[in-house]
Amino acid sequence: SSDVCSSDLENLNYKPDRLAQIFPKYFRDVNPEDYAHNPEKIANRVYADRMGNGDEDSGDGYKFRGRGLVQLTGRDNYTKFGEAVGMDVDAVVDYMATPEGAAMSAAWFWDQHNLNKWSDEQDVVTVTKKINGGTIGLEERKELFEEALKVFA
């Protein structure tokens with residue numbers, strides 16, 4: 001939808017060297033140049049056979065790529081969020097492309113993972129791991145968190 005900021009949808013437009021760096025286990029046995037600058041092909045590879053997604057040929061990786069303010073990813077998350085808001089998984093894909101859906105999916109994820117607890121403890125590491133599954137970008141998040149504390153003080 002044209003109502004959504006591009007930041008509400010996962011950007012998977014990578015150069016070959018960046019693919020090998022960010023997703024090393026998915027590009028060991030294939031040529032990253034065959035995937036570079038092709039977000040659909042990249043998503044279908046890196047999200048295949050996990051998070052409830054089908055294999056690379058299913059198209060689930062791209063269909064259920066990161067959307068919303070916390071980049072909800074994977075068929076399983078989309079399905080659970082859909083159940084919470086009374087929509088089937090296909091309707092959720094479209095809903096999450098709206099500002100309301102982007103915000104609602106983030107609020108749902110926040111609640112489901114009890115992120116208020118970790119935020120109240122100012123535990124940026126745990127919040128990052130619960131949202132991203134790892135700590136890529138942690139230093140920038142810590143800086144932004146400190147800035148936010150100053151702004152909201």
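Scanning the range 1-60 for residues that are modelled with pLDDT under 95 and within 21 Å of A106 (Cβ to Cβ) gives S1, S2, D3, V4, C5, S6, S7, D8, L9, E10, N11, L12. Among the residues of the range 46-60, those identified as in a helix (DSSP H, G or I) and open to solvent by 20 Å² or more (accessible area, probe 1.4 Å) are E56, D57, S58. Here is the figure for the range 96-146: residues that are crowded, with 17+ Cβ neighbours inside 10 Å and part of a helix (DSSP H, G or I) total 16.
T73 falls short on exactly one of the conditions (1) farther than 17 Å from G134 by Cβ; (2) touching a residue at least 12 places away in the same chain (Cβ under 8 Å), and that condition is (1). Just wondering, is there one or more residues in the range 69-80 that are under 24 Å from R18 (Cα atoms) and open to solvent by 30 Å² or more (accessible area, probe 1.4 Å)? There is at least one residue in the range 69-80 that is under 24 Å from R18 (Cα atoms) and open to solvent by 30 Å² or more (accessible area, probe 1.4 Å).
For the range 61-95: of the residues being charged (D, E, K, R) and part of a helix (DSSP H, G or I), which is nearest to Y35 (Cα to Cα)? Here the answer is K63.
The values are calculated or read from the model by the stated rules, or taken from the named source; none is laboratory data. All values reported here derive from a predicted model rather than from experimental measurement. Neighbour counts are summed over all protein chains in view; Cβ atoms, including those assigned to glycine, are modelled from backbone coordinates with ideal geometry. Just so you know, the surface numbers come from the protein's heavy atoms only, side chains and all, with ligands and any DNA or RNA stripped out. Shrake-Rupley method; radii C 1.70, N 1.55, O 1.52, S 1.80 Å.
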